[in-house]
Amino acid sequence: MKSLKRMTTEQVLRSIAGFLGRASDRDFEYLLSVMEHLATSYREKAILQSLRDSWRSNSPLAQLLRRVFRETNPECRYRFLYNFFFNQSFGEAKVKRDAYLERYGYCPPWAMLISPTMRCNLRCAGCYAGEYTRKDDLPAEVIDRVLTEGEELGISFVTILGGEPFIREDLWPIYEKHRDTLFQIYTNGTLLDEETAKHIARLGNIVPAVSIEGFEEETDGRRGKGTFQAIMRAMDALRQNGVIFGFSAMVTRYNVDTIISDEFNRMLVEKGAYLGWHFLYMPVGRDPDLSLMPTPEQRDLLRRMGAARIRATYPMFVIDFWNDAPYVGGCIAAGRNYFHITSRGDVEPCIFTHFAVDNIKEKSLQEVLESPYFRGIRARQPYSENLLRPCMLIDHPHVFREIYQTYHPYPTHPGAETLVGELAAGLDRYSQEAAVILEEAWRKDFIEAGTNIFPEEAPHKEPAAA
């Protein structure tokens, strides 16, 4: 019966995905009304209602949905619909997550990050991967086992990064085996040729996120001469094959204006990008440099003129990992919403927090999520009422130092301990300066304005682990 139900569900969703490719505006509005009626939570209903309103007004979000429905490969469209939306909200992943919540008192993370390798064909300035051993890869059988365990917990969204993930040719069978998982793969783009783009389109469950620092001068300045043109060719191949893809931009104090510029974002839309990520430069990895971090004033500029404005202007969904924190209740690390497994198997609470107490080669996902270290971090989230200051590394560095002293995690690469050593004073100064600006922003634009961020419930705090 379970197999029959699944087969029927897949047939229905494939029909819907095909229907969306030729649906009229009225047809889609009706479909949103049906989904809103079926939604079981306030958050889901509010989001669907907002989508319906956006569709009626032909907002940039509605234009983005039209692009997804009418320009993408049918298999990519179906897998995105099933893996990212249906499975998490109504399907098997939802059932498993609800069961986990009932048994353990909190939801498992909805995503996990895995770095299968730190090998890379580029050497980018300031990359956090620079200090890792390049010769050690996470074995394919371990990755397969972790993905299976994740599926049993209801995790159907996995980000693959590195290093350069497409160096690992042996991962293609894993992507194909785990078809119910949507893989977002961060890549430098230089290995995304026509053949690879066609392979991704056939599988449908891979969403590349191509790293780019701005235009040619900014990108080649950090990643090496010729990289920008290689990225342009990669985006062309992905667009021509109907692949849903996005971009990832590391924002420093030197490229902020480019990243938020209309010229840059129009170029990305024209190249076919559907989504994007803004990540603040973090003082981790090879030769951490506090002077590369966007200033507090630039960080507020990103909040006002960056991702939120881009979403409201262009048919491309751009997310700011820091400034959009209010929409997810602050810090999402340590298994609250996600965690990171390194190429050595060390399990970090966050892609930027290079400290661990467990290795996935020795423990299950369940054991890692229940570790005192992860539970202790979750118990402290959010670190303040101001969700524009979500990070325990750069906004509340005293919190991480207290966690470090309490749970004694080991550094996952040489030099990581500078966060609690030689960089500590500088991070304290940065957090204090940022607080002056971001506290005012929080009061004015969220508290006094009563900004609706679709809260389902107050952020959950777990009892602190001993």
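The values are calculated or read from the model by the stated rules, or taken from the named source; none is laboratory data. Just so it is clear, the model here is predicted, and its values are computed rather than measured. We place every Cβ from the backbone using ideal geometry, glycine too, and count neighbours over all the protein chains shown. When the accessible area is computed, the model is the full protein with side chains, heavy atoms only, and any ligands, DNA or RNA have been set aside. Shrake-Rupley method; radii C 1.70, N 1.55, O 1.52, S 1.80 Å.
Which pairs do you get when a residue that is of a type in the set (A, V, I, L, M, F, W, C), found in the range 413-425, comes within reach of a residue that is open to solvent by less than 20 Å² (accessible area, probe 1.4 Å) and at pLDDT 90 or above, reach meaning Cβ atoms under 6 angstrom, with the pair 6+ apart or on two chains?
Ala416/His354; Leu423/Pro283
So, of the residues in the range 223-253 that are aliphatic (A, V, I, L, M) and in a loop (DSSP other than H, G, I, E, B), which turns out to be farthest from Gly285 (Cα to Cα)?
So the residue we want is Val243.
Looking only at the range 291-316, filter to residues that are under 18 Å from the mean Cα position of the chain (by Cα) and open to solvent by 10 Å² or more (accessible area, probe 1.4 Å); which one of those is farthest from Asn58 (Cα to Cα)?
Arg303
What residue, among those in the range 54-93 that are among the aliphatic types (A, V, I, L, M) and closer than 14 Å to Leu182 by Cα, is least open to solvent (accessible area, probe 1.4 Å)?
Out of the qualifying residues, it is Ala93.
Given the residues Arg14, Arg22, Arg67, Arg43, which is the only one that is at pLDDT 85 or above, closer than 30 Å to Val269 by Cβ and either in contact with a Lys or Arg (Cβ under 6 Å, 6 or more places away or on another chain) or not acidic (Asp, Glu) (or both)?
Unique residue meeting the criteria: Arg67.
Do we have any residue at all in the range 434-450 that's in a loop (DSSP other than H, G, I, E, B), more than 30 Å from Asp137 (Cβ to Cβ), at pLDDT 95 or above and aliphatic (A, V, I, L, M)?
Scanning the range 434-450, I find no residue that is in a loop (DSSP other than H, G, I, E, B), more than 30 Å from Asp137 (Cβ to Cβ), at pLDDT 95 or above and aliphatic (A, V, I, L, M), so the answer is no.
One residue is enough: does the range 44-53 have a residue meeting the conditions under 25 Å from Met112 (Cα atoms), open to solvent by 40 Å² or more (accessible area, probe 1.4 Å), part of a loop (DSSP other than H, G, I, E, B) and out of contact with any Gly (no Cβ under 8 Å at 6 or more places or on another chain)?
Checking the range 44-53: not a single residue is under 25 Å from Met112 (Cα atoms), open to solvent by 40 Å² or more (accessible area, probe 1.4 Å), part of a loop (DSSP other than H, G, I, E, B) and out of contact with any Gly (no Cβ under 8 Å at 6 or more places or on another chain).
Considering only the range 164-190, how many residues are in a loop (DSSP other than H, G, I, E, B), more than 21 Å from Arg97 (Cβ to Cβ) and open to solvent by 20 Å² or more (accessible area, probe 1.4 Å)?
1
Determine which member of the set Ala424, Ala434, Ala416, Ala379 is among the small types (Gly, Ala, Ser) and in contact with a His (Cβ under 8 Å, 6 or more places away or on another chain).
Sole residue among the options that is among the small types (Gly, Ala, Ser) and in contact with a His (Cβ under 8 Å, 6 or more places away or on another chain): Ala416.
Within the range 171-185, work out how many residues are at pLDDT 95 or above and over 16 Å from the mean Cα position of the chain (by Cα).
So the answer is 8.
Criterion first (crowded, with 23+ Cβ neighbours inside 10 Å, free of Cβ contacts under 8 Å to residues at least 60 places away in the same chain and more than 15 Å from the chain's Cα centre (by Cα)) does Ala356 satisfy it?
So Ala356 fits the description; yes.
Taking the options Asn188, Asn205, name whichever one is closer than 30 Å to Asn255 by Cα, in contact with an Asp or Glu (Cβ under 9 Å, 6 or more places away or on another chain), at pLDDT 95 or above and not charged (D, E, K, R).
Exactly one residue qualifies, and that residue is Asn188.
Could you list, ordered by first residue, the pairs with Cβ atoms under 9 Å in which the first is in the range 293-307 and over 11 Å from Asp324 (Cα atoms) and the second is open to solvent by 20 Å² or more (accessible area, probe 1.4 Å) and among the basic types (Lys, Arg), at least 6 apart or interchain?
Met293/Arg253; Pro294/Arg253; Thr295/Arg253; Gln298/Arg253
Would you point out the residue of the range 102-156, among those that are modelled with pLDDT of 95 or more, closer than 25 Å to Ser211 by Cα and in a helix (DSSP H, G or I), that is most open to solvent (accessible area, probe 1.4 Å)?
Ala140
Checking Ala99 against (1) at pLDDT 90 or above; (2) crowded, with 19+ Cβ neighbours inside 10 Å; (3) more than 23 Å from Met316 (Cβ to Cβ), only one condition comes out false. Which one?
(2)
Against the condition without any contact (Cβ under 8 Å) to a residue 24 or more places away in the chain and among the β-branched types (Val, Ile, Thr), how does Thr187 come out, does it pass?
Here the answer is no, as Thr187 does not meet what is asked.
Name the residues in the range 191-227 that are small (Gly, Ala, Ser) and open to solvent by 10 Å² or more (accessible area, probe 1.4 Å), would you?
Ser211, Gly221, Gly224, Gly226
Among the residues of the range 400-422, write down those that are open to solvent by less than 20 Å² (accessible area, probe 1.4 Å) and not aromatic (Phe, Trp, Tyr).
If the condition is that a residue be open to solvent by less than 20 Å² (accessible area, probe 1.4 Å) and not aromatic (Phe, Trp, Tyr), then Ile403, Pro409, Thr412, His413, Ala416, Leu419 are the ones that fit.
Please specify each residue of the range 258-290 satisfying the condition of being open to solvent by 10 Å² or more (accessible area, probe 1.4 Å), touching a Gly at 6+ places or on another chain (Cβ under 9 Å) and in a helix (DSSP H, G or I).
Residues satisfying the conditions are Thr258, Leu290.
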